[in-house]
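Working notes for the structure below.
The values are calculated or read from the model by the stated rules, or taken from the named source; none is laboratory data. Keep in mind that this is a model prediction, so the values were computed, not measured. Cβ atoms come from the backbone with ideal geometry, glycine included; neighbour counts cover every protein chain shown. Surface areas here come from the heavy atoms of the whole protein model, side chains and all, with no ligands, DNA or RNA. Shrake-Rupley method; radii C 1.70, N 1.55, O 1.52, S 1.80 Å.
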Amino acid sequence: MLLGIITADSGNQSRHEFKQTKLKRLLMDDNYAVMSRLDNLTKEFEALKQENALLRHSPIAFVAELTKTITGVKQQIHFDHVKLNLGNSYYLSHGNFIVPVDGLYLFSITACSHTNHYVVLELTVNTAVVGKVLAGDTAYNECSSRTFLQNLSSGDDVFVQHKTTGDYLLSYEGHGLPSFSGVLLKAF
């Protein structure tokens, strides 16, 4: 009888050890699944936090006008009357916009010229001309506008210049012409 008890206890102990081992494996599998899920949620949270920071970026926009007629060539145009400067990235003293955050920007330039004259203004990013606008006619004063989309990086220098083509940038001060404006559409 004593022998039977020992055998029964040994069998119970083996079943108990098997159950413990099985439970340990289940707990380890569950622990791995929980840790994996936690890691995925942490990564997702960080990505959402970055996206939220971009969406909550303060607005960036400016509108600047030229109040005096300019003749001649080889000059940067200093739009001297600022009507809007959200984000304070248009610098009146230099007539340029310094990009505060990487993103997609929309710029607009309006140029005007006197009868029998014309002018070509160039939108320039750092040292590269990225677009031009032409204004002028032989019969009347004329204004033209163009818009430009640009992917830009923080610190890029954006300005309007008049290098060689044309000789007369006419100002209609009461009408806010010529003008240079820009707005951040989407931060990256």
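Within the option set 111, 128, 53, 64, being loosely packed, with under 14 Cβ neighbours inside 10 Å and either over 17 Å from the mean Cα position of the chain (by Cα) or modelled with pLDDT of 95 or more (or both) holds for one residue only, 128.
The residues on offer are 73, 101, 119, and the sole one that is in the same structural domain as residue 163 (by the TED database), assigned to a strand (DSSP E or B) and surrounded by 11 or more Cβ atoms within 10 Å (Cβ to Cβ) is 119. In a residue-by-residue description of the range 31-43, the property of being under 25 Å from residue 165 (Cα atoms) and either open to solvent by 50 Å² or more (accessible area, probe 1.4 Å) or at pLDDT below 95 (or both) applies to no position. The set of residues in the range 160-180 being open to solvent by less than 30 Å² (accessible area, probe 1.4 Å) and among the hydroxyl-bearing types (Ser, Thr, Tyr) consists of 171, 179. Contact map, the range 36-49: residues that are closer than 23 Å to residue 188 by Cβ paired with residues that are open to solvent by less than 80 Å² (accessible area, probe 1.4 Å), Cβ distance under 8 Å, separation 6+ or inter-chain. No pairs are found. Whether a residue is over 22 Å from residue 72 (Cβ atoms), open to solvent by 30 Å² or more (accessible area, probe 1.4 Å) and either at pLDDT 95 or above or out of contact with any His (no Cβ under 8 Å at 6 or more places or on another chain) (or both) was assessed, and residue 137 does not pass this test.
As a summary of the residue check, residue 167 satisfies the conditions (1) under 31 Å from the mean Cα position of the chain (by Cα); (2) charged (D, E, K, R); (3) over 26 Å from residue 87 (Cβ atoms) except for the one numbered (1). Residue 140 falls short on exactly one of the conditions (1) hydroxyl-bearing (Ser, Thr, Tyr); (2) in contact with a Pro (Cβ under 9 Å, 6 or more places away or on another chain); (3) assigned to a loop (DSSP other than H, G, I, E, B), and that condition is (2). When 72, 87 are screened for being at pLDDT 95 or above and not aromatic (Phe, Trp, Tyr), only 87 passes. Checking each residue in the range 57-80 for being touching a residue at least 60 places away in the same chain (Cβ under 8 Å) and closer than 19 Å to residue 175 by Cα picks out 62, 63, 64, 65, 66, 67, 68, 69, 70, 77, 79.
Please tell me if residue 125 is among the β-branched types (Val, Ile, Thr) and touching a Gly at 6+ places or on another chain (Cβ under 9 Å).
So residue 125 fails the test.
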